[in-house]
Amino acid sequence: MATQPSDERAIARQTRALLKGAAAHLTGRQRGRDREVRRNSYDIEDPRAKPWVPIGKGTVGEGLAHREALIQTAREHRGQFWRENPPSKIREARYRRDLIVAELKRIEGGGAAPIGYAATLRIELKAHEETLAKAETALRRIDVTILQALIEHIDFATGRLFPSLETIAAAATCHRNSVIDALKRLKANGFVTWVRRSISTQNEGEFAPQREQTSNAYYFEHRQRMAIRTWQRFTQLLTAKLRRLGKVPREVRPLEPVGPPSKEVQALRDAVASLGASLSNASP
């Protein structure tokens, strides 16, 4: 009986696996199944790889309100930082830092200096380093564009959000590396976070990697990760947008009569609380 092409491919695959196994045994290499994917990476079916929660009650209106408020907050957050820390200030901080580092090396090498001078320099050095560290993680214009490209893919009803880096880059018309850098800054500022995910390579039985990385699962922890001022501005913008949808009371009086609220007001309060909880307390 003639050998079928499918049988030939199976035999060839098994032969390659045996040859790889023999070579690995002779060289002391590990089987692919023993290799690890990136740290803290979970299988796509692992509950930890599914950190999503619905946006509010999952409606399109509430989802769009969240998306618009988040983008506007990011724009304002970026603008505020660079107004308070213009490039000239950053350049001056870098220049002063380098001068102080050189002066401290001179003193530590036995150079003459007044008592307490080195301590004063170290205090100033710390301030400049903090400024430069903040500038390193401050949002850029492209970061806002990439955030917008990312959350265009969110499912409001479930909160599911897992586009690939290539998909985000294509939507933002930028390089994949720009997306990686932007996501790091967005995470540092509390606008998005994620968990890594992995999938099987279907290489079972072969001396080859058994798992590989796939797209991240993105989610939001605004309240926990944003700076207080940024979080307050986000909630202000979100409340204003929800109010236009009729989801929150038009006004909140500081001195209300003692007694239970009306059913309409209570329902609106519950809607706002539900949305806030879903946006703030999601965790993997």
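Any read-out appearing in this document is the output of simple, stated calculations on the displayed coordinates, not a laboratory observation. Note that the structure is a prediction, hence the values are computed from the model and not measured. Cβ placement follows ideal geometry from the backbone for every residue including glycine, while neighbour counts extend to all protein chains displayed.
Details
- Out-of-range pairs (alpha-carbon distance over 23 Å; input LYS105/LYS184; LYS50/LYS241; LYS134/LYS184): LYS105/LYS184; LYS50/LYS241
- Ranked by how many other beta carbons lie within 10 Å on average, peptides 234-243, 42-51 from highest: 234-243, 42-51
- The packing ranking, built from the mean of other Cβ atoms within 10 Å per residue, places the peptides 173-184, 123-134, 108-119 in the order 173-184, 123-134, 108-119, highest first.
- Extension gain (nm, one decimal) between ALA227 and GLU108, 0.36 nm per residue minus Cα-Cα: 39.1 nm
- Packing here is the average count of other Cβ atoms within 10 Å per residue, and on that basis the peptides 221-228, 147-154, highest first, run 147-154, 221-228.
- Only alpha carbons enter this Debye calculation for the range 71-125, each as an equal point scatterer, and the log10 of I(q)/I(0) it gives at q = 0.18, 0.24, 0.31 Å⁻¹ is -0.68, -0.89, -1.13.
- Placing R0 at 45 angstrom, the Cβ-Cβ distance between ASN85 and LEU245 gives a FRET efficiency of 0.80 after rounding to 0.05.
- Its Cα gyration tensor gives the range 66-221 an equivalent ellipsoid. The semi-axes, each the square root of 5 times an eigenvalue, are 42, 23, 12 Å from largest down.
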